[in-house]
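Just below is one structure, and these are the notes that go with it.
The values are calculated or read from the model by the stated rules, or taken from the named source; none is laboratory data. Model, not experiment: these values are computed from the prediction. In this analysis, Cβ positions are derived from the backbone assuming ideal geometry, glycine residues included, and neighbour counts consider all displayed protein chains.
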Amino acid sequence: MPASPPPTSSHSSRSTPSQRPAATGCSPRRPAAPAPTGPSSPRSSTSSGPGDTLVVWKLDRLGRSLRHLVDVVTGLAERGVEFRSLQESIDTTTPGGKLVFHVFAALAEFERDLIRERTAAGLAAARARGRHGGRPPVLDPGRVELTRELYASRRYTTAEIARRLKVGRSTLYRYLEQEQPIR
């Protein structure tokens, strides 16, 4: 008999064998094989339907962040699929489990709002100190004027002007399309 492949994670609590004993009371109708994880991998089965319950070992196995987890579980609920996490004892089939999950969702929203407020306050403080965000302009006003003069003379192609100023043609066109500053 060939040996089973090693777990996909170096962390012992994430290996399939350590998860099986906790899942013995779940009696799955369609057990799913461990799915690949990562930012681009899907986290929930699209074949589940009303009356099914998605069971995960830990919350971090389903969502990349609390906001993502809330979105996934909300999407499951819209399809009539319940959710259960074995390690955290969250079970949306019960009123208490729904309450705990909604408290998590409220905390996630609160955290997002705090981050948004802190970011806005930081940007306002930076503006008050004379700092402006974003990438610095490639061409200073003198070089922009030179660009316009060279372009208006019709003696040089845009590729030649861009090469002379050491900028890309798309950058050159972007500066040429800008309105002339009022003096």
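Residues are listed down the side, and each one gets a yes or a no for (1) of a type in the set (Asp, Glu); (2) more than 30 Å from residue 56 (Cα to Cα); (3) modelled with pLDDT under 90:
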| residue | (1), (2), (3) |
| --- | --- |
| 83 | no, no, yes |
| 90 | no, no, yes |
| 106 | no, no, yes |
| 114 | no, no, no |
| 130 | no, yes, no |
| 135 | no, yes, yes |
| 150 | no, yes, no |
| 164 | no, yes, no |
| 170 | no, yes, no |
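For residue 171, state whether it is touching a residue at least 24 places away in the same chain (Cβ under 8 Å) and among the polar types (S, T, N, Q). The answer is yes for residue 171.
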